[in-house]
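Okay, structure first, notes after.
The values are calculated or read from the model by the stated rules, or taken from the named source; none is laboratory data. Since the structure is predicted, the reported quantities are computational estimates derived from the model, not experimental observations. Cβ coordinates were reconstructed from backbone atoms using ideal geometry, including for glycine residues, and neighbour counts include every protein chain displayed. To get the accessible areas, we keep the full protein, side chains included, count just its heavy atoms, and leave off ligands, DNA and RNA. Shrake-Rupley method; radii C 1.70, N 1.55, O 1.52, S 1.80 Å.
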Amino acid sequence: MNLAEKVKKRRIELGLSQDELAKKMGYTSRSSINKIEKGRPVSQKIVRSLAEALDMSFADLMGIEAQAQPVRANDVPLLGTTQRVDTAIVADFCLYATDDAMRWAHIEKNDLVFFVTRPRYPSGSIVAIRHHGEILIRRYHRYGDLLVFRVQTDYEQELAVHADDVEFLGLAIALQRKL
């Protein structure tokens, strides 16, 4: 489920109209909420405001799995290199986003994205995969035996494969952005 769908679903669960949600966020009309629910890209600041207004965590709204472990110093390997990243984030590995394909999910080029490995990956989550030797960060959806890895802004880059054709590397849990 993408951000627009989550906002609408949660708004309805709370019994709020678009006008009521708009007022909770400080907007004067429902048009901004309508645009968000139609899929208009929004800033991280607006997503944080939405999460607060919808009484849910930023991580849940963004589809990022929350860390269950306590925060502690960690030496996380940078995938594909011999480097390690000293961070408080508990992760199995990290990698740099090499393109703007996940910008709609607020992952921009050169962001450092942290991942954990899992035996299974929920449909709708952001994952790192290896396909024909290339490592990609994409939103994953499963339709029966077909696996679809989406780039929201460019459907020509959408990857539809069978499970044997791709290797799951990890589930996105956090990111660090250079300021």
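Some observations on this one:
- Yes/no for Glu158 being under 23 Å from Ser43 (Cα atoms) and either within 14 Å of the chain's Cα centre (by Cα) or open to solvent by less than 80 Å² (accessible area, probe 1.4 Å) (or both): no
- Options Leu171, Leu175: the member that is under 14 Å from the mean Cα position of the chain (by Cα), of a type in the set (A, V, I, L, M) and open to solvent by 30 Å² or more (accessible area, probe 1.4 Å): Leu175
- Restricting Lys8, Lys45 to residues that are modelled with pLDDT of 90 or more, part of a helix (DSSP H, G or I) and under 29 Å from Arg177 (Cα atoms) narrows the list to Lys8.
- The residues in region 96-105 that are at pLDDT 85 or above and either open to solvent by less than 70 Å² (accessible area, probe 1.4 Å) or under 12 Å from the mean Cα position of the chain (by Cα) (or both) can be counted, and the count is 1.
- Entry remark, region 2-28: residues being closer than 25 Å to His106 by Cα, touching a helix residue (DSSP H, G or I) at 6+ places or on another chain (Cβ under 9 Å) and not small (Gly, Ala, Ser) number 13 in total.
- Region 11-20, subset surrounded by 13 or more Cβ atoms within 10 Å (Cβ to Cβ) and modelled with pLDDT under 90, residue nearest to Pro41 (Cα to Cα): Arg11
- Within region 106-115, being buried (at least 18 other Cβ atoms within 10 Å of the Cβ) and free of Cβ contacts under 8 Å to residues at least 60 places away in the same chain holds for one residue alone: Phe115.
- Top-ranked residue of region 58-70 - restricted to ones that are part of a loop (DSSP other than H, G, I, E, B) and open to solvent by 50 Å² or more (accessible area, probe 1.4 Å), ranked as modelled with the highest pLDDT: Glu65
- Among the residues of region 126-146, those that are crowded, with 20+ Cβ neighbours inside 10 Å, closer than 17 Å to Asn2 by Cβ and of a type outside the set (Ser, Thr, Tyr) comprise Ile126, Val127, Ile137, Arg138, Arg139.
- Subset of region 71-95 [over 14 Å from Leu169 (Cα atoms) and either surrounded by 15 or more Cβ atoms within 10 Å (Cβ to Cβ) or in contact with a helix residue (DSSP H, G or I) (Cβ under 9 Å, 6 or more places away or on another chain) (or both)]: Asn74, Val76, Val85, Thr87, Ile89, Val90
- Sole exception among (1) without any contact (Cβ under 8 Å) to a residue 40 or more places away in the chain; (2) of a type in the set (Lys, Arg); (3) assigned to a strand (DSSP E or B) for Arg139, by number: (1)
- Looking across region 27-54, just one residue is within 13 Å of Lys8 (Cα to Cα) and among the acidic types (Asp, Glu), and that is Glu37.
- Of all the criteria given as (1) more than 29 Å from Leu146 (Cα to Cα); (2) not in a loop (DSSP other than H, G, I, E, B), the one not satisfied by Asp55 is (2).
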